[in-house]
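In what follows, a single structure is set out as structure tokens and then discussed.
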Amino acid sequence: MKRESGLSFDPKKDEINGIPEEMEFLPASDQKKLEKRSPKETALLVGLILGAALLSLMIGLLVWHFHFRPDNTIKKMYNGYLTITNKQFTEDLEDFDSEAFKQLATTVEQTLLETYMGMDSVAPHYVRSTVTAFSEGSVIAYYWLECRVPPEGAAELDEAIRAVSPFSGKSRSGGTKSLRISDLVVDSADPRRVKPPKDHTCAFDLHAVGGEMNTFSSPGFPNEPYPANVWCQWVLRADPHHVIELNFVTFDLESVCHNDFVVVYDSLSPIEKREITQRCGLYPPTNAFKLMSSRNVMLVTLMTDDDENYPGFKAEFRQVPKQRQCSKILQGSGSFSSPYYPAYYPPRADCTWVLKVDPPNHIKVMFNVFLLQNPDENNVCKDYVEINNRRICGEQPPMVELSNGSEMTIKFRSDAAESCRGFSATFEPYDASKPCPEEFACRNGRCIALDLKCDAWNDCGDSSDEINCKCTSNQFRCGTGLCTSNQWLCDGVSDCGDKSDEANCECEAGEMRCANGKCIPEVQRCNLVNECGDNSDEEGCSNTDMTVPCSEHTYTCKDGTCIRKKNAMCDGTHQCPDGSDEHDCNCGIRPYKHSRIVGGMDAEVGEWPWQVSLHFQDKGSICGASVISTRWLVSAAHCFQDERTIRFSDHTTWTAYMGLHDQHKLDGAQKRRLKRIIRHENYNPQMFDNDIALLELDRPLSFTSVVQPICLPEAAHDFPIGKNTWITGWGMVHEDGGLATVLQKAEVRIIRRRNCNDLLSGTVTTRMLCAGYLSGGIDACQGDSGGPMSSVEENGKVFLAGIVSWGDGCARKNKPGVYTKVSKFREWIKGHTGL
Ligand code: ARG
């Protein structure tokens, strides 16, 4: 064994007070001999004294070295596991206190000791290895390794430990019992995340029984929040040839992952390389996650810091037989998906599907859901689907792939870490000479209705339906040859792709022209906000004072001063001298974490917590509204307009449901009656002008993860043309269809009023906002009225841009929807509610 200076002290070694055993002390000298001093003796005496002095110096040095010298080393922990191929797993190896465990652990620890001490770069820093668990296969031993190293040597040690695979290829046969070791994975670990095996505080070993569901939860759940500064772990095990399915039924942790978090590992060692997922925050039941292991073990850990403790989680798990083969040969038509879909795919999956159809047909594969791990920084896919010689990963919108013949091979691979939801696909044969009977065949394989060709809207997704078109009179020919609707000209969004629709734009009075062609209100110049997008409005500014004379384009602070930035309210930065732009910002927040569009347009639970369902008598939901405080809702005035004998204006006929998701589950919602309805005094039932109403509730609401107020925009708040916003409601899903039971959502784009007026015969007043798509297809409809048009602002806060008001039919071509422009009614709302 080799040790160098600055080395660490291993208490297990046979050393006494830090002095290695091999050192010998000189025997004490005979007193008599010292009395008579012949020159020889004197010389000997001097020599002895010198020797003794030297010896005590050495001892002193050694003692100092091991005991008093300031320890300039830091503790480094590593986590790892190794596979022992010549041992069979037995059940008692699961039990930490069993003889079998102790014996094998000692052998493994001895082997690790010999191995690491045999590595020049590790030996001086090695302290100990400790086996923490065993699992099947043949036997996998999990351990942690402790080292001490001066801080400056830490990176190098990490490197050495990670890079050197001491067991690679050869098997170890040192010691008495020889272990054959095949692979070893080790990685540095956060010392706080290493639980000594003897520490049983908040450590649980759970073994799945039969096919039963087993549950466990964070400490205190559901009666009290989880404790501060805990470090808990749950070892989950299944029988041989099974994997573990883990489902978080409720999950409510602090939203800052750095503070409190759960990590699930595909290993019994908490190694980053085997991390299935790391989570924090609050998840709605519609976005629950079900995780799969690749073998019969899983490790769940919970770590919390010293403040802000939340309810925690409840999880259930069971064992399911391991899918022996995810690879298949499929004939004719059918479906396939990533393993265990819709649960997250397990790590290290490797599947191949061979699809076959009768020649001369070809194959069309449609991926409906596609959610894989994102590519790494070099854009390389770590988990992927390989199709047509392409590797696809990340999140993809529904996509279609075509084969080159009557057979096709598709592969799916996942690496050892970070799982995702996966994919689901169907396939069918098609006639390659007529890929889309009676429809237009997009280049990417999609089929679209013939009348969507050349409608200046990219229906195919690859624009192949919009090339080689004759542009009509209300269309503009882009530099790329595509046609785009005139309505998108000069809206600050490059619809053509080459910005040709944004060039040569004339700006209106009071506007300035940005270098990129966009027009913005003159007052936004030099307001420290890059409204142009290319920063040209903020260049060459000398005046950094934000306060300016008040105008319709400025934001008015509480103290009466005005600042240039229009959307200053609750944007997360203080602009008003009195800070009032960031007061009262407890709005527009969605406590639940939401994934992006996963299949369909059903909203997720808690995705729009300000959405209200207004029931009229026993007729069910006929209008929507938005929560703006514990006592007030805003809706559309036209919902409360009497019709012949029906008294819609009578507040006693209405019931409001807050926190509702599914109309069949009214029980879980907060139900309130109305105390009064305030319709806008200038509401015009013919034109739907000033279509806004305030509803006062009989009893205040309690804000929860599914009931929250939306932010009201200030008078000067700008929702720019081209901006995408969301509309939601339980209204009709088609112009003459039925009502939705689950809350629906759709994304619509704000359209320039001038263009909208061209399409809707000049009926759009300045108190209205137009939004939608001229190609039709996406819109609000009957029953959505009064509901919110939600605009997600840069800092994630959501503002009420509009109220669903009217339209010409629903989702018709060239007939966008019209919304009440809420910013115009800010003062009116304040006047009636004080908000
Ligand atoms: N007035 C309708 C209602 O009562 C809403 C109309 C919205 N229509 C539209 N195409 N955007 O529910």
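Work out the length of the dipole vector of the range 746-835 about its Cα centre, built from +1 on the beta-carbon of each Lys and Arg and -1 on the beta-carbon of each Asp and Glu, and round it to the nearest 20 debye.
With only Lys, Arg, Asp and Glu charged at Cβ, the dipole is about 280 debye.
Averaging the inverse of every distinct alpha carbon separation and then flipping it gives the Kirkwood radius. What is it for the range 756-829, in angstrom units? Intermediate values should be presented prior to the final figure.
On the way: mean 1/r = 0.0780 Å⁻¹.
Across the range 756-829, the inverse of the average 1/r is 12.8 Å.
When the convex hull of the Cα atoms of the range 612-768 is projected onto a plane and the area is averaged over all directions, what value comes out in nm²?
Spelled out: convex hull of the Cα atoms, projected over all directions, averaged, 10.5 nm².
What is the pair-distance distribution P(r) of the range 432-552, computed from all Cα-Cα distances in 5 Å bins starting at 0, with each bin given as a whole percent?
Bins of 5 Å from zero give 2, 11, 16, 15, 13, 10, 9, 8, 6, 5, 3, 1, 1, 0 percent of pairs.
Measure of size requested: the Rg and Dmax of the range 257-380, with Cα atoms as the atom set and Å as the unit; please supply both.
Cα radius of gyration and Dmax of the range 257-380 are 18.6, 67 Å respectively.
Dipole of the chain, Cα-centred, from +1 at each Lys and Arg C-beta and -1 at each Asp and Glu C-beta, to the nearest 20 debye?
Value, rounded to 20: 1020 debye.
Helix 99-117 against the longest principal axis of the chain: what's the angle in degrees, Cα atoms only, rounded to the nearest 10?
Taking the Cα atoms of the chain, the angle to 99-117 is about 80 degrees.
Loop-only trypsin sites (Lys or Arg not before Pro) in the range 285-331, please: DSSP not H, G, I, E or B, and at most 12 other Cβ atoms within 10 Å.
Hits after loop and neighbour filter: R324.
Please state the equivalent ellipsoid semi-axes for the range 415-497: what are the square roots of 5 times the Cα gyration tensor eigenvalues, largest first, in whole Å?
Here the semi-axes work out to 30, 22, 9 Å.
Using per-residue counts of other Cβ atoms within 10 Å, averaged over each peptide, order 641-653, 785-797, 376-388 from highest down.
With the highest mean Cβ count within 10 Å placed first, the list reads 785-797, 376-388, 641-653.
Of G731, T741, P816, which is farthest towards the positive pole of the range 728-835's charge dipole, taken about the Cα centre with +1 and -1 on the beta-carbons of Lys, Arg and Asp, Glu respectively?
Going by the charge dipole, the pick is P816.
If you stretched the chain out fully between N86 and N223, how much longer would it get, using 0.36 nm times the residue separation minus the C-alpha to C-alpha distance?
Using 0.36 nm per residue and subtracting the Cα-Cα distance, I get 44.5 nm.
Of A155, N378, C557, whose Cα points farthest to the positive end of the dipole of the chain (charges on the beta-carbon: +1 Lys, Arg; -1 Asp, Glu; origin at the Cα centre)?
Ranked along the dipole, the leading option is A155.
For N379 and T42, calculate 0.36 nm times their separation in residues minus their Cα-Cα distance, and state this gained length in nm to one decimal.
The span from N379 to T42 would gain 113.2 nm if fully extended.
Specify the angular offset, from 0 to 90 degrees and rounded to the nearest 10, of the alpha carbon long axis of helix 39-63 from the longest principal axis of the alpha carbons in the chain.
Rounded to the nearest ten degrees, it is 20.
Could you pull the Rg and Dmax for the range 653-722, using just the Cα atoms, both in Å?
Rg, Dmax (Cα atoms, Å): 15.6, 40.
Write down Rg/Rh for the range 695-835, rounded to two decimals, with Rg from the C-alpha atoms and Rh from the Kirkwood relation over Cα pairs. Show your work: numbers first, answer last.
Values: Rg = 15.2 Å, Rh = 15.7 Å.
Over the Cα atoms of the range 695-835, Rg/Rh equals 0.97.
If packing is taken as the average count of other Cβ atoms within 10 Å, what order do 440-452, 807-819 fall into, highest mean first?
Top to bottom by mean Cβ count within 10 Å: 807-819, 440-452.
Regarding the range 220-300, what is the average projected area of its C-alpha convex hull, in nm²?
That works out to 5.9 nm², a quarter of the Cα hull's surface.
Could you give the semi-axes, largest first, of the ellipsoid that matches the range 444-490, computed as the square roots of 5 times the alpha carbon gyration tensor eigenvalues and rounded to whole Å?
Working through the eigenvalues yields semi-axes of 19, 10, 9 Å.
Mind checking which of W488, C514, S433 is farthest towards the positive end of the range 411-516's charge dipole, using Cβ charges of +1 (Lys, Arg) and -1 (Asp, Glu) about the Cα centre?
Projecting each Cα onto the dipole axis, the largest value belongs to S433.
With N set to the residue count of the range 537-671, report its C-alpha Rg divided by 2.2 N^0.38 Å to two decimal places.
After normalising by residue count via 2.2 N^0.38 Å, the value is 1.47.
Treating only the Cα positions of the range 350-461 as identical point scatterers, give the base-10 log of I(q)/I(0) from the Debye formula at each q in 0.09, 0.22 Å⁻¹.
-0.28, -1.19
Give the Kirkwood hydrodynamic radius (Å, one decimal) of the range 715-797, defined as one over the mean of 1/r across all pairs of different Cα atoms.
About 13.9 Å, per the Kirkwood formula over Cα pairs.
Starting from the range 463-566, pick out the trypsin sites (Lys or Arg not before Pro) whose DSSP state is loop and whose Cβ has at most 16 other Cβ atoms within 10 Å.
Filter output for the range 463-566: K470, K499, K558.
Sequence gap of 8 or more, or different chains, plus Cα separation below 16 Å: how many lysine pairs satisfy both in the range 258-377?
Counting lysine pairs in the range 258-377 gives 4.
How would you rank 403-412, 137-146, highest first, on the average number of other Cβ atoms within 10 Å across their residues?
Output ranking for 403-412, 137-146: 137-146, 403-412.
Could you calculate the contour length gain from D808 to R391, that is, 0.36 nm times the residue separation minus the distance between their Cα atoms, to one decimal place in nm?
145.7 nm
If I model a spin label at E511 and W231 as a point 7 Å from the Cα along the Cα→Cβ vector, what separation in nanometres do I get?
Here the modelled spin labels are 6.0 nm apart.
Can you give me the three principal axis dimensions of the chain from its C-alpha atoms, in Å, biggest first?
131, 76, 56
What is the helix-to-structure angle for 154-163, meaning the angle in degrees between its Cα long axis and the longest Cα principal axis of the chain, kept from 0 to 90 and rounded to the nearest 10?
Once rounded, one gets 90 degrees.
Sort largest first and round to whole Å: the equivalent ellipsoid semi-axes of the range 80-134, each the square root of five times a Cα gyration tensor eigenvalue.
Sorted largest first and rounded, they come to 24, 11, 8 Å.
Each value in this text was obtained by applying a stated rule to the coordinates, not by laboratory testing. The structure displayed is predicted, hence computed values, not measured ones. Here the Cβ is made from the backbone with ideal geometry for all residues, glycine too, and neighbour counts use every protein chain on show.
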